[in-house]
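To start, the structure under review is shown below, and the notes come after it.
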Amino acid sequence: MNDQQYSSLRQNVSMLGRVLGDTMRDAAGEDFLNKIEQIRTLSKSARGGDGKDEERLKGLLLGLDRDELLPVARAFSQFLNLANIADQHHTISREMDKEYSATEALAGVFELLQSDGRSAAEINAAIANLKIELVLTAHPTEITRRTLIHKHGEIDTCLGQLELEGLTEREEDVIHQRLRELIAQIWHTHDFRDKRPTPIDEAKWGFAVVENSLWDAIPEFLRRLNNTLFDVTGHGLPEEAAPVTFASWLGGDRDGNPNVTATVTEEVLLLGRWQATALYLRDVEALVEELSMTASNASLRQLSGNAREPYRSVLRALRDKLRLTLQALTAQISDDKAPEDTIIVCEEELWQPAYACYQSLLDCGMAKIAHGKLLDLLRRIKCFGVNLVRLDIRQDSDRHTEALSELTQFLDLGDYQQWDEQQKQAFLLGELASKRPLIPTDWQPGEQVKEVLDTCAVVARQRPEALGCYTISMARQASDVLAVELLLKASGLRTPLPIVPLFETLDDLNRSAEVVDQLLSIPQYHDHLRGRMMVMIGYSDSSKDAGMLAASWAQYRAQEALIERCRQSGIKLTLFHGRGGTIGRGGAPAHAALLSQPPGSLENGLRVTEQGEMIRTKLGLKGMAIKTLALYTSAILQANLMEPPTPQQEWRDVMDSLSDSSCDYYRAYVRDNADFVSYFREATPEQELAKLPLGSRPARRRSGGGIASLRAIPWIFAWTQNRLMLPAWLGAGQAFKDLMAAGKTDTLKEMSQDWPFFATRLSMLEMVFAKADSGLSAYYDQKLVSQQYREIGDQLRAQLASDIDVILELLGESELLQHQFWSRESIQLRNIYTDPLNFLQAELLERNRKQQDDVIDQAIMVTIAGIAAGMRNTG
């Protein structure tokens, strides 16, 4: 992109900044606005290299009165939020539509495939096999309140309206007045929730994303895909095509979250059905108003009872049943009984009348009408079903072991937990084959075990289409999978549900193929799979365990081994990717990330988590959702029809060496340095993060403990705040440097040119280094870190500087992001606003750790949110 393409973005950022300034003047006076401008000017000068102005900036922030702390922090935080809105809008704006729209992305991949010699039949077959399932998950560090997310969406709408040509002066004034109103609302709204959201709140937030964005995005995306495909191959999508579906962990993920109970899960399932019913009712009511035509085919005439307006007649009957379903579900949510025979329980009850109307319109020459709102309804039915999203259940493997241990001891069989793997498998397989009940009626399990069994009972009561899978966190052995199979069988589950082992740590990833091999070698289990298996790859914990580079290579190798093992056994493997948004948690631009996967990894579709803030960023607006789905689609088609290169053996040897040495360097600090945990807790706001009323899940899996007990998301969040960005780079650069010293520079450069996996790792590191800031990290140490630990920070910053030089040499660049103009300029622009927040945060942390102060607490929370907005991620 050239500089000119960002002119409207700059104008929008400037305009929103002026409106925010006017709002602050109205609320706090001219003197306050002047002080904000003075801080901004000094920050800009300091970023330009003026050391004296940097000291003036620190002094000005240090001298703020207690009652100025919060509004100053809010001023810079709010600007960064507004800049993000403008930036996000720009990617889907009219100005960018021709070159970077969803349609262009799809057309581009079809053109690429044709130029590579792929026939129309091959492209159509790939589309027919396309399966993308995005799994919405909660985010323990999701910063922005739902009410503010709504206002941000309204601002985006206004920016879109201002793009329209031919607006009168009065119309422009109305839009600008609405912007002033919205920004004033934001300024006068509390930045944070009063209390943590419950799992029910989080599920409702996910349902709101579907209602406000995805419900409209899906039919529009499929229309664009259909039209583009037709232009290329002469064939469009079948009406029943559902290449994209959605699942959710919201209300189903109980791993380390005691707030997600069986009761919560059952309520979330009902709420999902209620939301879907309400949305279908709205659509059907609109169709009843519009489909007034009288001509119909014989089938619809019969279905309508020869009604004068057959479409309305059939759809009115569906509308009435939807209304009764809504009433019944409302009663069930309120714990009242409702007659089951009034409730729509399966997709076919929606599809059959709607499709009958659609086919009749086609038969009677009214295709234009059929392909409008009615086809949109059919697309939604296939995508969302009657449940809106399929709910996944997730639980830690230790909880299942605990349940079986308690049960076997009650039955005087011994302690399951103490058995070796062979004994466990023998017991589990025997009980799976047995026809007698496993659980005695007179057994009174402990509270935690009862909760596991209650959850299994909820799963057993659901229709198959309500659930996605049961994921086992920290899966280490074949028995971990068989244990869940047995508990579900004992609870009455009769329809197979995918049981998905999640391999998370470095050791577990390295052993994943061995564990799956054990499972597939059991004839009873192999037959049970019915030719399909799903395995989840964990990105967050493996990166926290071994560092980004070692974890990335372990994930790649694990996928290769799993694909090959399943291929040998005639099993179609779906890989489920537990990616986060940040580099340290497997995040990367979607298109690049997918094209860097091992060959064959997307053959049976893509299943991937989308978390909290990334849901909002990638799917929260209709336009962004359409573009995201187009990028996923184009990347999967390209990867499946033009497989990425299989790495040469020399490259694999290099990666083995890089992985081993980077892991050693990483663990030398994180695991082996006795003072590292103390340094981490002093140098970052990790302790203060616990006060933020964010997600329903605790930041730690268990109280106390060191880094191992801390979840990956707050671990990365904390390092992002002090701008050291440590989890995303530690170990990698030094490993590169060692190999370059050993004469492997040319090989590394060849890998960066010819191997997407390696090129993507370098690109990710470059972006992290561009966001990191040694000077700010040193200021945190100066303010917050005890003298005895400061050497650690000095060493890490020296390592960071060395690593940046290494990456620049490998990339052949003189500065970071040399060939990414806007990314570089965007970070430089944001630094002007994040720097004051970083300086202020360090000062406030120092004060608050000496003496607690509610006002300072609030100001710290605002700086945390503002820096997260400036960095474009939390954890």
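The values are calculated or read from the model by the stated rules, or taken from the named source; none is laboratory data. Here the structure is a predicted model, which means the values were calculated and not measured. Methodologically, a virtual Cβ is constructed for each residue, glycine included, from the backbone with ideal geometry; neighbour enumeration extends over all protein chains shown. Protein only, heavy atoms only, side chains kept; ligands, DNA and RNA dropped before computing areas. Shrake-Rupley method; radii C 1.70, N 1.55, O 1.52, S 1.80 Å.
Does region 837-875 hold any residues that are assigned to a helix (DSSP H, G or I) and either small (Gly, Ala, Ser) or more than 19 Å from Glu688 (Cα to Cα) (or both), and which are they? Within region 837-875, Ala842, Ala859, Ala865, Gly866, Ala868, Ala869, Gly870 meet the criteria. Among the criteria (1) acidic (Asp, Glu); (2) open to solvent by less than 100 Å² (accessible area, probe 1.4 Å); (3) out of contact with any Ser or Thr (no Cβ under 9 Å at 6 or more places or on another chain), the one Asp454 does not fulfil is (3).
Here Leu130 fits the description: of a type outside the set (Val, Ile, Thr), out of contact with any Leu (no Cβ under 6 Å at 6 or more places or on another chain), assigned to a loop (DSSP other than H, G, I, E, B) and in contact (Cβ under 8 Å) with a residue 40 or more places away in the chain.
Residues that are part of a helix (DSSP H, G or I), farther than 17 Å from His528 by Cα and in contact with a helix residue (DSSP H, G or I) (Cβ under 9 Å, 6 or more places away or on another chain) within region 426-449 comprise Phe427, Gln448, Val449, listed in sequence order. Does Leu315 satisfy the criteria of being within 38 Å of the chain's Cα centre (by Cα) and at pLDDT 95 or above? Taking the combined requirement at face value, the residue satisfies it. Of Leu225, Leu134, all but one fail to be under 30 Å from Met642 (Cα atoms), open to solvent by less than 20 Å² (accessible area, probe 1.4 Å) and touching a Phe, Trp or Tyr at 6+ places or on another chain (Cβ under 7 Å); the exception is Leu134.
Residue check: is Glu163 closer than 30 Å to Thr103 by Cα, surrounded by 14 or more Cβ atoms within 10 Å (Cβ to Cβ), at pLDDT below 90 and out of contact with any Pro (no Cβ under 8 Å at 6 or more places or on another chain)? It is true that Glu163 is closer than 30 Å to Thr103 by Cα, surrounded by 14 or more Cβ atoms within 10 Å (Cβ to Cβ), at pLDDT below 90 and out of contact with any Pro (no Cβ under 8 Å at 6 or more places or on another chain). What about Val458, is it in contact with a strand residue (DSSP E or B) (Cβ under 9 Å, 6 or more places away or on another chain), free of Cβ contacts under 8 Å to residues at least 60 places away in the same chain and not in a loop (DSSP other than H, G, I, E, B)? Here the answer is no, as Val458 does not meet what is asked. Exactly one residue among Gly531, Gly578, Gly570, Gly538 is surrounded by fewer than 17 Cβ atoms within 10 Å (Cβ to Cβ) and in contact with a strand residue (DSSP E or B) (Cβ under 8 Å, 6 or more places away or on another chain), and that residue is Gly531. Glu95 meets the conditions (1) open to solvent by 20 Å² or more (accessible area, probe 1.4 Å); (2) farther than 22 Å from Arg872 by Cα; (3) at pLDDT 85 or above in every case but one. The failed one is (3). For Pro756, the conditions (1) under 23 Å from Ile827 (Cα atoms); (2) modelled with pLDDT under 95 all hold with the exception of (1). One residue stands out among those in region 581-610 that are among the polar types (S, T, N, Q), farther than 20 Å from Met751 by Cβ and open to solvent by less than 20 Å² (accessible area, probe 1.4 Å): the one that is modelled with the lowest pLDDT, which is Thr582.
The set of residues from region 407-428 being free of Cβ contacts under 8 Å to residues at least 12 places away in the same chain, open to solvent by less than 70 Å² (accessible area, probe 1.4 Å) and among the acidic types (Asp, Glu) comprises just one member, Asp415. Filtering region 798-815 for residues that are open to solvent by less than 20 Å² (accessible area, probe 1.4 Å), at pLDDT 95 or above and of a type outside the set (A, V, I, L, M, F, W, C) leaves a non-empty set.
If only residues of region 143-160 that are part of a helix (DSSP H, G or I) and of a type in the set (A, V, I, L, M) are counted, the one that is surrounded by the fewest Cβ atoms within 10 Å (Cβ to Cβ) is Ile149.
Collect the residues in region 192-202 that are open to solvent by less than 30 Å² (accessible area, probe 1.4 Å) and part of a loop (DSSP other than H, G, I, E, B), keeping them in residue-number order. Within region 192-202, Phe192, Pro197 meet the criteria.
For region 678-706, a tally of residues being at pLDDT 60 or above and not hydrophobic (A, V, I, L, M, F, W, C) returns 11.
For the residues Ala370, Ala356, Ala295, the requirement of being in a helix (DSSP H, G or I) and either open to solvent by 40 Å² or more (accessible area, probe 1.4 Å) or within 29 Å of Ala208 (Cα to Cα) (or both) singles out Ala370.
For Asp392, the test of being of a type in the set (Asp, Glu), under 30 Å from Ile344 (Cβ atoms) and either in contact with a Cys (Cβ under 6 Å, 6 or more places away or on another chain) or outside any helix (DSSP H, G or I) (or both) is passed. Screening Pro440, Pro496 for residues that are open to solvent by less than 50 Å² (accessible area, probe 1.4 Å), over 16 Å from Asp396 (Cα atoms) and either within 30 Å of the chain's Cα centre (by Cα) or not hydroxyl-bearing (Ser, Thr, Tyr) (or both) leaves exactly one candidate, Pro440. Being open to solvent by 20 Å² or more (accessible area, probe 1.4 Å), closer than 20 Å to Leu136 by Cα and not in a loop (DSSP other than H, G, I, E, B) is a property that Trp205 has. If the condition is being open to solvent by less than 10 Å² (accessible area, probe 1.4 Å) and touching a residue at least 60 places away in the same chain (Cβ under 8 Å), then region 541-551 contributes Ser543, Ala546, Gly547, Met548, Leu549, Ala550.
Taken over region 255-286, the residue count meeting the criterion of being assigned to a loop (DSSP other than H, G, I, E, B) and at pLDDT 95 or above is 2.
Within region 384-395, at least one residue is buried (at least 23 other Cβ atoms within 10 Å of the Cβ), of a type in the set (Val, Ile, Thr), within 34 Å of the chain's Cα centre (by Cα) and closer than 29 Å to Gly252 by Cα. Only residues that are part of a helix (DSSP H, G or I) and within 15 Å of Phe769 (Cβ to Cβ) were counted in region 813-825, giving 2.
If you check Ser512, Ser491 for being of a type in the set (Gly, Ala, Ser) and surrounded by fewer than 21 Cβ atoms within 10 Å (Cβ to Cβ), only one passes: Ser491. Scanning region 100-117 for residues that are in a loop (DSSP other than H, G, I, E, B) and surrounded by fewer than 18 Cβ atoms within 10 Å (Cβ to Cβ) yields Asp116, Gly117.
So, restricting to helices (runs of 4 or more DSSP H) that lie completely within region 486-597, which ones have at least 3 residues that are in contact with a Lys or Arg (Cβ under 9 Å, 6 or more places away or on another chain)?
506-520, 540-546, 548-568
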